[in-house]
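Reading through the structure tokens given below for one structure.
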Amino acid sequence: APSGGELDPMIGNIRTFSDEFNTASKDTLTYWLNIRTFSEAPADYATLAAKITSVIGQAKTAWGAQVQARTGKTFEEGFVAPMLAKHGIDLNNLESLAKLDAYSRQMFFLDWYDQLTEYSGLDHVDHWMKEINWTPKLTQVQGSGADSVIGLIDFYSANDPDVKSKLIYSGGISNVDNGHGVAVLSLMVASHDGRGVMGIAPNAKIAAYNPFDASQTADWAAVRMGITEVTKRGAAVVNLSLGVPGWTLHPDWQTVLKSKEVDAVKNKTIFVIAAGNDGITQTQNINMKDAFDTTFIVVGSVGPDGKISDFSNRPGTACLLDGDTCKYSSKIEESGLLMNRFIVAPGEFILVSDGKGGVTRMSGTSFAAPLVSGTIALIHDRWPWLKNYPRDVAKAILGSAKDLGAPGVDPVYGVGMLDVEAAQSALDFNKLKYYLVDPTKRTDTTVTGTTTSTAVPAGAVEVKMDALRTTGIQSAWVSKDMYFSAFEDLLKAKRDFLIPLSSRLVGTQRNGEYFQEFVYNRFMSWLGGGASPVAGAAPFGRGFSDLNSTPVYGVNGWAVSMTGKLLNREPGIGNYYRPRLQSSVAVESPSGKVAFSFGHGDGAVFLGGQQESQ
């Protein structure tokens, strides 16, 4: 029977996080990790206690008022005492410091940091965000999942008020809970509210079903029932952080995925399945005959270093058979290797809701899977018609992954690492259709019969790829606040992109959708000579093409320069460079102590010091 799959967060390398602490904490931790035994050097433990007391004093100076305001208690009563007790530390009993092993000592400082951050007034930033190329800003631009429903087949806890506020349905066994489900949910839907975990799709709704009984196991019939119930409530992506020990994908998934209950929703649902936590490589093929029409993705775990987690199951070279035959197709709707449907995401030391209004850390493929499900929810929100094209959504997720391990799809990492930004962007800028839009013409229409949320205004002019290759972007387009409405063919459906050509459009909307600055950055990197979004494709080296530069000249000792050029070597996220347009006049006094800069277009933002932080 499938099981929950939660792991103790002991697995992995906690030292990844130690460098994030302040100097005093690092010094104390280093001292503690290298200290002799208590019987050998009891005086060293008095020194250690003094160091910990110093750390507490520094924390009190920074956070004491906030802790007292929230708890009504002193910093010592409201934070320090329960924290020390939680980790078995008594500063009046120096031997208690010796009883903690190396892992527990490191976990104390990591937990100290996590729990103090709860009083900062800011949402927590966690390591997985950078690893999968996600930011809260990206979520906001894409709609935050407001028009999405995520299905959860898992333990469900109603104790977390934030997560509970997103719930539209809860079914199954109601008297069994172990906190696993709410931890998974927090990564998908936790609010960006200045406290705790941030979910990828915080405005999405949740339909939850618990198939697990008091033994913390479930049968396949309960899983099928759960899928039926959550899809009835509109779930177009279903997160399944469960499985059978010893398997990356158990053969009984065929029974579930080809069942009449699942068959009824196969054209409007995508399933995200955790790979499991046994550290095995699947060697046995699986007969998936009659189940290929159902779209599913299997998710493994990587650590903060981007390497496969020791505990994560792997796809190996196992094949999804059509009867007795492996057709070795790369198409997701046909027989082929499991690795073609396998993707990885961070699953070690993930900060999650503890179900009690606080945070904790957990590890397992159970916590990699919801990062994929949350990304899908963003796609469903920005392009709602894709809810009815699950294979197209799978193409966007799998086709945008960052390659890891051996080049190409491989038996360990599958297609590679989840890349949230890339999944929300064009898979191949070469293949888009670009329509140049004059914002003064606002009569909406459609393109090739496909209605989109950002329909192309009448009078828009299609710009062919050859023209973009040859001439680049005209500065006049920038000065007039023009933009591209671009369209991408996936498999059977299209999706559109709003690409601003002026920084003045960033943060504004057309037809209820935000201009996608992140798509602009990737587009300009590709067009202007940065890394290409298409593997193996050469960049064209074209950016803003009709700007000029004059030499510096002087007037009574004053220096004047006029420039206009594309700066496309500023480091960006991943393998990309952030392009920057600088078009400006700079005036400097003879002494060099007084200078004025006047910017045009994007140059105004660039010179004004408003560059987006990385």
When (1) more than 20 Å from V184 (Cβ to Cβ); (2) under 27 Å from the mean Cα position of the chain (by Cα); (3) not charged (D, E, K, R) are applied to A291, the one that fails is (2)
Only one of T255, T231, T248 is in the same structural domain as Y389 (by TED's automatic domain parsing), farther than 19 Å from V352 by Cβ, touching a Pro at 6+ places or on another chain (Cβ under 7 Å) and among the polar types (S, T, N, Q), namely T248
(request) Return yes or no: is F367 surrounded by 22 or more Cβ atoms within 10 Å (Cβ to Cβ), within 16 Å of the chain's Cα centre (by Cα) and at positive phi? (result) no
Counted residues in region 167-211 being outside any helix (DSSP H, G or I), surrounded by 19 or more Cβ atoms within 10 Å (Cβ to Cβ), within 24 Å of the chain's Cα centre (by Cα) and modelled with pLDDT of 95 or more come to 14
With the first residue restricted to region 493-504 and required to be at negative phi, and the second required to be in a strand (DSSP E or B) and of a type in the set (K, R), Cβ contacts under 7 Å at 6 or more apart or on different chains are L498/R510
Check your understanding: Is there a residue being without any contact (Cβ under 8 Å) to a residue 24 or more places away in the chain, among the basic types (K, R) and out of contact with any strand residue (DSSP E or B) (no Cβ under 9 Å at 6 or more places or on another chain) anywhere in region 260-271?
Key -> yes
Subset of region 269-283, residues part of a loop (DSSP other than H, G, I, E, B), within 15 Å of P315 (Cβ to Cβ) and of a type in the set (V, I, T), comes to I280, T283
Within region 78-101, the residues that are under 21 Å from A43 (Cβ atoms) and in contact (Cβ under 8 Å) with a residue 12 or more places away in the chain are I89, L91, L94, E95, L97, A98, L100
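Kindly check whether there is at least one residue in region 67-87 that is outside any helix (DSSP H, G or I), over 34 Å from the mean Cα position of the chain (by Cα) and of a type outside the set (D, E, K, R).
yes
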Requiring at least 3 residues that are modelled with pLDDT under 95 and either hydroxyl-bearing (S, T, Y) or crowded, with 22+ Cβ neighbours inside 10 Å (or both), the helices (runs of 4 or more DSSP H) wholly within region 101-150 are 102-117
Residue hits (region 512-537; assigned to a loop (DSSP other than H, G, I, E, B) and modelled with pLDDT under 85) are G529, G530, A531, S532, P533, V534, A535, G536, A537
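Which of the following residues is farther than 16 Å from S144 by Cα, polar (S, T, N, Q) and within 20 Å of the chain's Cα centre (by Cα): S373, S425, S400?
Going through S373, S425, S400 in turn, just one is farther than 16 Å from S144 by Cα, polar (S, T, N, Q) and within 20 Å of the chain's Cα centre (by Cα): S400.
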Given (1) outside the structural domain of F311 (by TED's automatic domain parsing); (2) of a type in the set (V, I, T); (3) modelled with pLDDT of 85 or more, V412 misses just (1)
Of the conditions (1) touching a strand residue (DSSP E or B) at 6+ places or on another chain (Cβ under 7 Å); (2) buried (at least 22 other Cβ atoms within 10 Å of the Cβ); (3) at pLDDT 95 or above, the single one that K402 does not satisfy is (2)
task = With respect to G355, determine if the residue is surrounded by fewer than 24 Cβ atoms within 10 Å (Cβ to Cβ) and under 21 Å from I153 (Cβ atoms).
result = yes
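The values are calculated or read from the model by the stated rules, or taken from the named source; none is laboratory data. Treat the numbers as computed from the prediction; the structure is a model and nothing was measured. With ideal geometry, Cβ positions are generated from the backbone for all residues, glycine too; neighbour counts draw on all protein chains shown.
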